[in-house]
Amino acid sequence: MKFNKRNLVVASLVIALSAAVYLNWQFGDTSAMFTSSTKELGEAEYVNNDKTLTNPSESSLSKKQQNYFSKARTDREQAQDRIVTIAKEVLEKAEASPQAKESAVAQSEKIENYILYQTNIENLLKAKGFSDCICCITEEGCSVVVTKSDMEEDSPMIIKDVVFGQTGINYENITITEI
């Protein structure tokens with residue numbers, strides 16, 4: 001008797017499930033299953049980001065802003081290269097004192113770290129949705145320049161978090177400038 005009841009329950013469940021599938025097929029929209037999607041494989045889609053560009057080659061930066069960022073990067077790199085060159089000259093001079101040589105090594109290591117931090121900060125901020133930025137680190141603190149169009153309510157905190165995470169510079173020593 002137990003065997004028959006179990007078979008009856010299983011058979012009724014199979015029939016109910018089959019009826020549900022049939023009704024879903026009959027009244028559901030099946031056209032979406034057979035049409036191809038308009039998206040392409042590998043197409044990028046940003047999540048929780050309102051600032052998406054339709055074409056990565058298009059830039060929302062004006063020509064003046066683009067020129068500013070490229071000139072600022074060039075000037076920063078030239079200044080850092082000059083400091084490293086001076087440090088190398090001090091190291092190469094035989095008559096330089098041991099203290100001068102140690103100072104030159106320390107200065108060139110500091111500049112090397114600054115360059116690494118600046119590059120990391122700029123790349124992270126671009127990854128967070130900023131179209132372009134420039135970062136300059138000194139012993140006193142850090143300055144970050146971004147475009148006004150990129151600034152939103154939470155942007156200053158994002159910038160300061162990135163700078164602090166990379167360098168350990170206190171929030172009050174981080175300056176944000178909009179152009």
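Note on Lys93 and Leu8: the model spin-label points, each 7 Å out from Cα along the C-beta direction, lie 10.6 nm apart.
I'd like the FRET efficiency for Lys110 and Lys71, computed as 1/(1 + (r/R0)^6) with the beta carbon distance as r and R0 of 25 Å, rounded to 0.05. Here the calculated transfer efficiency is 0.55.
Listed cross-link partners Lys71/Lys93; Lys63/Lys160; Lys71/Lys128; Lys63/Lys128; Lys64/Lys128 are compared with a 31 Å cut-off, the Cα-Cα value being larger for Lys71/Lys93. Modelled label positions at Ile179 and Ser143, each set 7 Å beyond Cα in the direction of Cβ, lie 1.1 nm from each other. 3J(HN,Hα) along region 169-175: 5, 4, 4, 6, 9, 10, 10 Hz, from the Karplus curve 6.51 cos²θ - 1.76 cosθ + 1.60 with θ = phi - 60°, whole Hz, x for Gly and Pro. Protection proxy ranking, highest mean first, for peptides 137-147, 72-82: 137-147, 72-82, where packing is the per-residue count of other beta-carbon atoms within 10 Å, averaged. Summarising the label geometry, the points placed 7 Å from Cα in the beta-carbon direction at Asp161 and Asn123 lie 2.0 nm from one another.
Amide H to amide H distances under 5 Å link Ile179 with Val146, Thr147, Lys148, where only residues 5 or more positions off or on other chains count and H is placed in the peptide plane.
Read-outs throughout are calculated quantities, based only on the coordinates presented, and are distinct from any laboratory measurement. In this text the structure is predicted, and so the values were computed from the model without any measurement. Don't worry about glycine lacking a Cβ; one is built from the backbone with ideal geometry, like all the others, and counts go over all protein chains shown.
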